[in-house]
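Structure record follows, encoded as structure tokens.
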Amino acid sequence: MLAALVLNLALSLWLLVSAWVMPHGTVTSWNALVVALLAAAVSLLAWAAPGRPGLHYGTSVLAVWLVAGTMLLPHVALTTMASEVLVAVGLAAVALLLPPHRRHGRRPALHAH
């Protein structure tokens, strides 16, 4: 579904921009940049390769890493931490709440017994 791709790309773009416009330490800034670029790439690959339904879960893995990094790496501001957690929740929600067949407008095949 195109909406899932657009949402993931918007979240990735915000994470990328936030690395410059929100207070970050050097390590957390790099973490946000890398996760943003990887999330955008995985989202595009998952959308372009509907035959690989498990690929869309890659953004969930990145979301878990983003939350872990947010909690473990030193941050400058609580607002930055909140922003990164919200992005992670958004990425995970898109991947987990929109199964691959719904993301591409297809339904799973029904098997007659």
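No lab work stands behind these numbers, since they all come straight from the coordinates. Here the structure is a predicted model, which means the values were calculated and not measured. Using ideal geometry, Cβ is built from the backbone for each residue, glycine included, and neighbour counts are taken over all protein chains shown.
Between residue 45 and residue 21, what's the calculated FRET efficiency when r is the beta-carbon distance and R0 is 22 Å? Round to 0.05. My answer for the efficiency is 0.20.
If the chain linking residue 9 and residue 76 were pulled fully straight, counting 0.36 nm for each residue of separation and taking away their Cα-Cα distance, it would gain 21.6 nm. Across the chain, C-alpha contacts under 8 Å between residues 6 or more apart give a mean separation that, scaled by the residue count, equals a relative contact order of 34 percent. Across the chain, the volume of the C-alpha convex hull divided among the residues equals 88 Å³ per residue. Against the main long axis of the alpha-carbon atoms of the chain, helix 78-97 sits at an angle near 10°.
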